[in-house]
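Here, each number is a calculation from the coordinates, and none is a lab measurement. For clarity, every value in this text was computed on a predicted model and none was experimentally measured. Please note: Cβ atoms are built from the backbone with ideal geometry, for glycine as well, and neighbour counts cover all protein chains shown.
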Amino acid sequence: NAGVTQTPKFQVLKTGQSMTLQCAQDMNHEYMSWYRQDPGMGLRLIHYSVGAGITDQGEVPNGYNVSRSTTEDFPLRLLSAAPSQTSVYFCASSYSQATGNSPLHFGNGTRLTVT
Amino acid sequence: KNEVEQSPQNLTAQEGEFITINCSYSVGISALHWLQQHPGGGIVSLFMLSSGKKKHGRLIATINIQEKHSSLHITASHPRDSAVYICAPGYSGGGADGLTFGKGTHLIIQP
């Protein structure tokens with residue numbers, strides 16, 4: 001099993017550009033999520049999904065869109081990139097939406113710089 | 001929202017030393033996660049525990065639910081243990097309220 005696969009690993013965007021961060025998992029997990037990691041802060045939840053066709057906002061959703069058309073894939077779209085979105089992004093999945101007591105499996109991260 | 005405090009924020013130690021990283025939180029939880037992140041790398045789940053103690057190799061995690069406190073210990077530390085260690089108290093509800101992440105403890109083990 002590949003686990004959680006994120007692409008790309010690095011990306012540089014200009015302000016106003018759009019892009020999609022890809023995330024795929026092969027563990028048949030129902031729960032998938034996107035986090036951003038910024039210096040001096042803990043991981044913050046952007047969006048999450050408890051199953052195909054179901055998505056919801058996390059703590060910092062503004063400027064991001066998600067969709068979940070299949071169990072395996074959960075792409076994160078930046079609609080119009082801003083320098084404030086410079087961060088490291090992690091996709092994660094879990095077999096249960098009760099993330100408080102089920103292990104999370106993380107991708108390797110995407111380091112995004114917006115100039 | 002759960003307030004999570006990790007200490008120390010930074011720790012440099014010599015190879016072979018016994019390491020302790022602490023995590024305190026403010027609200028009752030269903031379980032607590034310990035995660036490891038190597039420089040430039042992904043995040044790996046080390047432990048999930050709701051009571052007592054768990055051990056995996058040289059790593060030991062303990063939790064005291066009544067005192068809202070958890071510790072991660074590393075015995076016979078090695079340079080490959082150098083990483084950021086993150087605690088994340090969790091609730092059974094999931095979603096936006098499921099996990100709160102600490103800011104991490106940056107550990108460097110010198111040979």
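Looking only at Cα atoms, what is the convex hull volume of the range A:25-112 per residue, in Å³? That works out to 92 Å³ per residue.
The slack in the chain from residue A:57 to residue A:80, taken as 0.36 nm per residue of separation less the alpha-carbon distance, amounts to 6.5 nm.
When the alpha carbon gyration tensor of the protein assembly as shown is reduced to an equivalent ellipsoid, the three semi-axes, largest first, read 29, 20, 16 Å. Electrostatic bookkeeping for residue B:46 treats Lys and Arg as +1 and Asp and Glu as -1; over the other residues with beta carbon under 12 Å from its beta carbon, the sum is +2. Mean-square fluctuations from a GNM of chain B, with a 10 angstrom spring cutoff on Cα atoms, peak among B:82, B:70, B:30 at B:30. Whole-Hz Karplus values for the range B:46-62 come out as 8, 9, 9, 9, 10, 6, x, 9, 10, 10, 9, x, 8, 9, 10, 10, 10 Hz, taken residue by residue from phi with 6.51 cos²θ - 1.76 cosθ + 1.60 and θ = phi - 60°; glycine and proline positions read x. In chain A, excluding the sites themselves, the longest stretch lacking any of the trypsin sites (Lys or Arg not before Pro) that are in a DSSP loop with at most 13 other Cβ atoms within 10 Å is A:15-115. For residue A:81, the residues whose amide H sits under 5 Å from its own are A:16, A:17, A:18, ignoring neighbours fewer than 5 places away on the same chain, with H placed 1.01 Å from N. 3J(HN,Hα) along the range B:27-38, derived from phi through the Karplus expression 6.51 cos²θ - 1.76 cosθ + 1.60 where θ = phi - 60°, amounts to 10, x, 10, 9, 6, 10, 9, 10, 10, 10, 10, 7 Hz, with x in place of Gly and Pro. The HN-Hα couplings worked out from phi for the range B:13-25 by the Karplus form 6.51 cos²θ - 1.76 cosθ + 1.60 (θ = phi - 60°) are 9, 8, 3, x, 6, 8, 10, 10, 10, 10, 9, 10, 9 Hz, whole numbers, x standing for Gly and Pro. Cross-link check: pairs B:1/B:53; A:9/B:54; B:55/B:103; A:9/B:103 evaluated at a Cα-Cα cut-off of 28 Å; pairs beyond the cut-off: A:9/B:54. Across the range A:8-115, the relative contact order, built from alpha-carbon pairs under 8 Å that are at least six residues apart, equals 36 percent. Rounded to the nearest 5, the antiparallel percentage of DSSP beta bridges internal to chain A is 90%. Taking all Cα pairs closer than 8 Å and separated by 6 or more residues, the relative contact order of the range B:30-111 comes to 29 percent.
Other residues lying with their Cβ under 14 Å from the Cβ of residue A:27 contribute a combined charge of -4, Lys and Arg counting +1, Asp and Glu -1.
Within the shell defined by Cβ-Cβ distances under 14 Å, the residues around residue A:38 carry a net charge of +3, with Lys and Arg each +1 and Asp and Glu each -1. The trypsin sites (Lys or Arg not before Pro) of the range B:55-111 meeting both criteria, a DSSP state outside H, G, I, E and B (loop) and at most 16 other C-beta atoms within 10 angstrom of the site's C-beta, are B:58.
What separates the Cα centres of the range A:50-112 and the range B:54-111 is a distance of 23 Å. Remark on residue B:26: its backbone amide H falls under 5 Å from those of B:3, a criterion applied only to residues 5 or more positions apart or on other chains, H modelled at 1.01 Å from N.
Per-residue shielding of A:90-102, expressed as the average number of other chain Cβ atoms within 10 Å of the residue Cβ, stands at 6. Evaluated at q = 0.10, 0.12, 0.14, 0.16 Å⁻¹, the base-10 log of the normalised Debye intensity for chain B, with identical point scatterers placed on the Cα atoms, takes the values -0.26, -0.38, -0.51, -0.67.
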